[in-house]
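Please read the structure below before turning to the comments.
The values are calculated or read from the model by the stated rules, or taken from the named source; none is laboratory data. Predicted, not measured: the structure shown is a model, and the values here were computed from it. Here the Cβ positions follow ideal geometry from the backbone for every residue, glycine too, while neighbour counts run over all protein chains shown.
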Amino acid sequence: MISVALTLSGFNSCSDRDLELLPPNGDLLDAVNTASKLQMFLTNAYLSIGDVSALGNDVMLFGDVLGDKIYNTPSRSVFLLTYNYTFSADQNQFKFYRSMYDVILSCNMVINNTKVPQTPEVVQMKGEAKILRGIAYYYLVSYYSPTPASGVNQEFGVPLVLNDYDVTIQPARATVSQVYDQIIADLNDGIAHTHTPTKKVFVGPDAAKIVLSRLYLTRRAPGDAELALQYATDVKNHAPMGDINAATNSGSFVSNNSSQYGSADYQKYWVNQNDAIYEGHGETIWEIDMSTSSNPVMNIGSNGALPVYYSVGDATRRCILANATFYNSIPATDIRRGGNINTGLFSTIGNNIGDTTPGYWVNKYPRTTSTGNFNRNIRIFRYSEAELLRIEALRLTNPTAALSELNAFASARKGTSYSGTNLLDDILTEKSKEFFSEGQRFLDLKRYGLPVHRPSNCTTCDVQGDDYRFVLPITRTALNNNANLKQYPGY
């Protein structure tokens, strides 16, 4: 566990005025005149993006619950409003709109600061802030706007707030194109001014390149496929190739490293109890720091965290399972099954909860580990994603190579080979097996305008890819507080 205790101690020592970024006047901004004070705002950005309403839970969970492989059991109503697509401006469970703007406001205080001398340390902090701001805007525009490739309602991007906190502003939505351009600019600037982090809880060039590859695959303007391929290839080539074992955990799970790992190694990456060994793993690009110091600030605990909802170990609030059709599509030989049922990546313990077709609990998020409850870091980006993003980009430029690399990846996982008859479906199928419960499925479907088709345990079983609900509603409170903010059509 990489503790943020040092940065938290500095963060907690600053005044309430600093924490709230209030009031928006020159005296406060002038007071941020040392690198340590600047670090407080950067730390705040990391804590905000790791909040339970952001990447610490909701953004990751909704990325699967809105899809077709993971479901909220109807016997427990925890996220049924989201799962059933019955949300509206007045009733919804989406809190990360506010959380991501909290991230952005903290990043702006770092990026815009001119009082602190531009030492290498400060340049690094500003670069990390650019990457974090780009990531925050990526998730906002991905959920609250239509995709650029859809060509519909392109005026409904999200508000771009690039200045320091000002309670009087009421920003309107930027266009989708403007938001994408800002994200690209932020991430490229971050790449140019950061180095590879020494700890996985900090962002760096590889995290930025993963998002850029996703972004170009979603926009798909002329030349974007080549850019997506370039960034994904850069990250794949940077993946650690060291031995994968309990002593070093230095290697990644990219396919050209496959001879050095097997089912047990892959399973341990997720379900092993020893945090000291399996955090900071070579497969991980960026993970959210979960610890007894940071969790209270991020509201992670028994009332909200991925292990609370996914883990069979949480008897009172567990409600999110993989559907049986998805589980059965993964061959028994596939290392993503993770070995024996109940000790691998899936479990049937206690799944007799009244579902029409019983599902499978997912063991990617242990509730209790060697450092206690809810203290296992949440992995956001992995090196294996770079490999699959590369294949996705190759489909647009060299389909033959894409199929060959896809089958090589599946073979390394001891999975199913593909014919390439429907290459996009093959790629997204393989991605669903690799990244189930990691918040990607809904955004993969949305990127290509594909529908949600659920096989069981659903009230809303089919949602067409052009349905307005693929864009989340702005809450009524946000609309009432900002006269310039318009609701997405359909709500």
**Study point:** Criterion: of a type in the set (A, V, I, L, M) and surrounded by 24 or more Cβ atoms within 10 Å (Cβ to Cβ) - qualifying residue of V116, V122, V141
**Key:** V141
Point to revise | Residues that are β-branched (V, I, T) and more than 10 Å from I183 (Cβ to Cβ), drawn from segment 132-149 | key: T147
Check your understanding: Within the bounds of segment 29-36, is there any residue that is part of a helix (DSSP H, G or I), farther than 30 Å from S432 by Cα, under 25 Å from the mean Cα position of the chain (by Cα) and at pLDDT below 65?
Key -> no
Review point. Taking only pairs six or more apart or across chains, which ones have beta-carbon atoms under 7 Å, a first residue in segment 145-164 that is within 23 Å of N108 (Cβ to Cβ), and a second residue that is at pLDDT below 95?
Key: D164/P24; D164/L29
Study note, to complete from the structure: Note on segment 132-177: residues under 18 Å from the mean Cα position of the chain (by Cα) and either at positive phi or of a type in the set (D, E, K, R) (or both) are R133
Practice item. Kindly check whether there is at least one residue in segment 382-405 that is part of a strand (DSSP E or B) and either out of contact with any Gly (no Cβ under 8 Å at 6 or more places or on another chain) or at positive phi (or both). Key: yes
Check your understanding: From the residues in segment 77-135 that are in contact with a helix residue (DSSP H, G or I) (Cβ under 9 Å, 6 or more places away or on another chain) and small (G, A, S), which one is farthest from M40 (Cα to Cα)?
Key -> S88
**Study point:** Members of segment 160-183 found to be farther than 18 Å from K130 by Cα and either small (G, A, S) or part of a loop (DSSP other than H, G, I, E, B) (or both), listed by number
**Key:** D166, V167, T168, I169, Q170, P171, A172, R173, A174, T175, S177
Study note, to complete from the structure: Sole miss for K199 among (1) farther than 30 Å from L445 by Cβ; (2) in contact with a helix residue (DSSP H, G or I) (Cβ under 9 Å, 6 or more places away or on another chain); (3) basic (K, R) is condition (2)
Review point. Residues of segment 317-346 being over 24 Å from the mean Cα position of the chain (by Cα) and farther than 18 Å from K431 by Cα, which ones?
Key: G339, N340, I341, N342, T343
Check your understanding: Which condition does D189 not pass, out of (1) under 19 Å from the mean Cα position of the chain (by Cα); (2) closer than 27 Å to Q118 by Cα, if it passes all the others?
Key -> (1)
Study note, to complete from the structure: Checked segment 82-110 for anything closer than 17 Å to D462 by Cα, within 21 Å of the chain's Cα centre (by Cα) and surrounded by fewer than 19 Cβ atoms within 10 Å (Cβ to Cβ); matches are Y85
Review point. Since S77 meets every condition but one in (1) in contact with a Cys (Cβ under 9 Å, 6 or more places away or on another chain); (2) touching a residue at least 12 places away in the same chain (Cβ under 8 Å), which condition does it not meet?
Key: (2)
Point to revise | Top-ranked residue of segment 347-372 - restricted to ones that are surrounded by fewer than 16 Cβ atoms within 10 Å (Cβ to Cβ) and not hydroxyl-bearing (S, T, Y), ranked as nearest to the chain's Cα centre (by Cα) | key: G372
Check your understanding: Does segment 248-264 hold any residues that are small (G, A, S) and in a helix (DSSP H, G or I), and which are they?
Key -> S255, S258, S259, S263, A264
Exercise for review: Being under 20 Å from T357 (Cβ atoms) and in contact with a helix residue (DSSP H, G or I) (Cβ under 7 Å, 6 or more places away or on another chain) is the filter here, so list the residues in segment 327-343 that pass it.
Suggested key: I330
Revision key, fill the gap. Just one listed residue, out of D206, D234, is closer than 18 Å to E279 by Cβ, part of a helix (DSSP H, G or I) and of a type outside the set (F, W, Y), and it is D206
